[in-house]
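Reading through the C-alpha cells given below for one structure.
Taken together, the values in this text are just the output of simple stated rules run on the coordinates, not laboratory data. Just so it is clear, the model here is predicted, and its values are computed rather than measured. As a convention, Cβ positions derive from the backbone with ideal geometry for all residues, glycine included, and neighbour counts pool all protein chains shown.
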Amino acid sequence: MKPTPKPLFLLADSSLLFWRRGDKPFLDCLHTLMRADAGAAPLQAAYLGASNGDEPAFYELFVGAMELAGISHCRMIPSRPSDEDLAWLARAHVILLAGGDPLLGWETFQRNGVESLLRERYREGAILMGISAGAMQLGARAWREDPPPGELSLFPVLGLAPFVVGVHEAPEWKELKRAMRAAGPGARGIGIPLGGGALVHPDGTLEPVRHPVATFQNEGEQLRQSLVTR
C-alpha cells in the first residue's frame with residue numbers, strides 16, 4: 001500500500017507534547033496514524049533543533065515526550081548533520097521542527113539539505129510536527145523573530161500547510177496581522193494560542209487542538225478574522 005500524507009501538527013509551544021486527552025496522552029495518536037505504514041516496526045523519531053541552535057535541553061524535552069507516547073527510538077539531527085543523521089531522518093516516522101528563530105532554522109535547512117528531505121518525508125507519509133518557529137516553517141511564509149519596529153519581511157518556507165502561521169500572541173495577533181497584510185490579497189493565516197495546536201489535514205481541513213484557532217483571510221481591502229472551535 002502506498003503511504004499517504006498525514007496531518008501536520010502545528011503547536012504553539014511544547015505543552016501539547018505532554019497533554020493528555022482524557023485518559024491517554026495526546027500523542028498516542030501517532031501510533032494510530034502510522035500503523036498502516038510502519039506495521040509492527042517501532043516508530044522512529046527525529047528532532048531538528050536548528051532554530052534554537054541545537055540546545056540540548058530542548059532535545060531532552062522531546063525525548064521525554066516521545067517516551068510518554070511510547071516511542072523510544074529518537075535521534076537529534078544537528079545543524080551540521082552527518083551521513084548517518086540524514087539517513088535516520090530519511091527513515092523517520094515522526095519529525096519535529098523545534099522552536100526558536102524561524103529564519104535561523106530555515107536558512108540552516110536550506111544549507112544542510114534537510115529542506116528537501118522534509119518535503120520528501122511528508123510525501124512518503126511521515127508525520128511532521130512544528131513547535132512555535134517550527135510551526136511557522138511548515139506554513140506558507142514566515143518572518144524574523146523580533147523584527148525591528150516598522151519592519152516585517154516575509155520569506156517563503158515549506159508551504160506544506162497553506163497558511164501563514166502565527167503563534168502565542170493572542171488575542172491581538174499583532175505580528176500575524178502585519179504578516180497577513182504583507183502577504184497580499186488571497187493570503188490565509190492561522191493564529192495558534194499558547195497551549196494550543198492545530199492539525200492541518202492533507203485536504204486542507206483545519207482541526208483545532210485544546211483551544212480555538214484564529215483564522216485570517218486577506219481580502220484586499222480588509223482582513224477578515226474568524227475563530228475555529230472544532
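Our coupling estimate for segment 169-184, obtained by passing each phi through the Karplus curve with A = 6.51, B = -1.76, C = 1.60 and θ = phi - 60°, is 9, 5, x, 6, 6, 4, 5, 5, 5, 4, 5, 5, 5, 5, 6, x Hz, Gly and Pro reported as x. Taking the DSSP bridge list for the chain and keeping only pairs wholly inside it, about 55 percent are antiparallel. When all alpha-carbon pairs of segment 55-104 are counted, what percent fall beyond 12 Å? Counting every Cα pair in segment 55-104, those more than 12 Å apart make up 68 percent. Note on T205 and R144: with the Förster distance fixed at 30 Å, the Cβ-Cβ geometry gives a FRET efficiency of about 0.50.
In terms of packing, defined here as the mean over residues of other Cβ atoms within 10 angstrom, the peptides 190-201, 131-142, 162-173, 95-106 line up highest first as 131-142, 95-106, 190-201, 162-173.
Counting only Cβ charges, +1 for Lys and Arg and -1 for Asp and Glu, the dipole size of segment 8-228 around its Cα centre is about 460 debye. Taking a straight Cα-Cα cut-off under 14 Å and skipping sequence neighbours fewer than 8 places away in the same chain, the aspartates and glutamates within cross-link reach of K6 are D37, E120, E124, D203, E207. Among D83, D23, D13, the residue with the largest mean-square fluctuation in a Gaussian network model of the chain, with springs joining Cα atoms closer than 10 Å, is D23.
Rounded to whole numbers, the Karplus 3J(HN,Hα) couplings from phi for segment 18-30 are 10, 6, 10, 9, x, 9, 10, x, 3, 6, 4, 5, 4 Hz, using 6.51 cos²θ - 1.76 cosθ + 1.60 with θ = phi - 60°, and x at Gly and Pro.
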